[in-house]
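The values are calculated or read from the model by the stated rules, or taken from the named source; none is laboratory data. In this text, all values refer to a predicted model and were calculated from it rather than measured experimentally. Reconstructed Cβ throughout: ideal geometry from the backbone, glycine too, with neighbour counts over all protein chains shown. Only protein heavy atoms, including side chains, enter the accessible area calculation; ligands, DNA and RNA are left aside. Shrake-Rupley method; radii C 1.70, N 1.55, O 1.52, S 1.80 Å.
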Amino acid sequence: MSKRRPLILGNWKMNTLPEEGRLVARQMVPMIRDGLHWDLDWGLAVPFTHLGALRSELEGSGMMGAQDCSAHLQGAYTGEISAGSLAAMHCSFALVGHSERRLHHHESSSTCGLKIDRLREHGLMSVYCVGETLEQRQGGSFNEVITSQLMEALGSRIQDLNHGSLAIAYEPVWAIGTGLTASPQQANEVHAMIRAWVAQNGGANMAEQIRILYGGSVNASNAKELLACTDVDGALVGGASLKARDFADIVLSSVD
Ligand code: PGA
């Protein structure tokens, strides 16, 4: 069991219409509130279009977040959403560098670094996602892949960040949406490696405090075992976060 305050986040991706999302959140919030007898942080990263509808549902209970933000402050960037707008919509965090954005939108780790800057400037926490593909796992290069994702996005700015402005999510690409999960040992090993990188580059204090989440086919049956690992401080949950009961059970399993 990690000694840090757990952080359990859902990632709704491009699922639900705003009104459907509102109804899911409306069911979920009391399930979590009524079962919770311990301090933890939880939240949902929802589509931009849902932010207005979900604010009042989550207020006072869960954190509301976005799944991405622009690397730019403002200007002629058609279709982009600024960190300033996310702050104005009462988001408290955003995902950065999710593997689906790296894959489908060719997002690089250095661009992720700029997004982290924009979010920090507006007081939002970045949840920076890293992780290897199946080939990289099988080829044994996953440590180098993850280290370069950390170095390129965080290397020059980790001193400006703290555990309130940065969390890291380890999401092996081969475990996302596939039903395959890293074993608790595999997850904890990578989390410990990430924490060692943070210690080396950001100092022992930051390494002690930063929350490192595991993501990739987390569900109500495997969450407890993953969250029991000493270096796993929470979870980033995709598919299972769309079901109120399942996500509530995952959140609650992090503390009982
Ligand atoms: P999954 O997605 O839980 O559906 O595997 C996790 C994620 O992509 O964040």
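About the Cα centre of the stretch 105-240, what is the dipole size in debye to 20, counting +1 per Lys and Arg Cβ and -1 per Asp and Glu Cβ, all else neutral?
220 debye
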Problem - Sparse-neighbourhood loop sites, GluC sites (Glu not before Pro) in the stretch 1-79 - DSSP loop, at most 12 other Cβ within 10 angstrom - result: E59
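Considering only protein heavy atoms and a 1.4 Å probe, what is the carbon-and-sulfur percentage of the accessible area of the chain?
52 percent
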Practice task
Would you mind checking which residues have amide H under 5 Å from V237's amide H? H placed 1.01 Å from N; only 5 or more apart, or other chain.
Solution key: L9, G10, N11
Problem - Extreme residue, positive dipole direction of the stretch 7-253, given options G203, L51, N11 (C-beta unit charges) - result: L51
Handout entry: Cα-centred dipole magnitude for the stretch 107-169, charges only on beta-carbon of K, R (+1) and D, E (-1), debye, nearest 20
Key = 180 debye
Exercise for the section: Over the chain, calculate the relative contact order: mean separation of alpha carbon pairs under 8 Å at least 6 apart, over the residue count, as a percent. Expected result: 24 percent
Completion exercise
Diffing the stretch 77-93: the Karplus 3J(HN,Hα) column from phi (6.51, -1.76, 1.60, θ = phi - 60°), in whole Hz with x for Gly and Pro, holds 10, 3, x, 7, 10, 7, 4, x, 5, 5, 5, 5, 8, 6, 6, 10, 7
Problem - Per residue accessible area of the stretch 7-253, 1.4 Å probe, in Å² - result: 42 Å²
Fill in the blank from the handout: A correct Karplus calculation of ³J(HN,Hα) over the stretch 230-247, with 6.51 cos²θ - 1.76 cosθ + 1.60, θ = phi - 60°, whole Hz and x for Gly and Pro, returns 5, 9, 9, 9, x, 9, 10, 10, x, x, 5, 7, 8, 10, 3, 5, 4, 5
Exercise for the section: Sticking with the crude label model, points 7 Å out along Cα→Cβ, report the distance from N205 to Q74 in nm, one decimal please. Expected result: 3.4 nm
Handout entry: For the chain, the longest site-free run once chymotrypsin sites (Phe, Trp or Tyr not before Pro) in DSSP loop states with at most 12 other Cβ atoms within 10 Å are removed
Key = 78-256
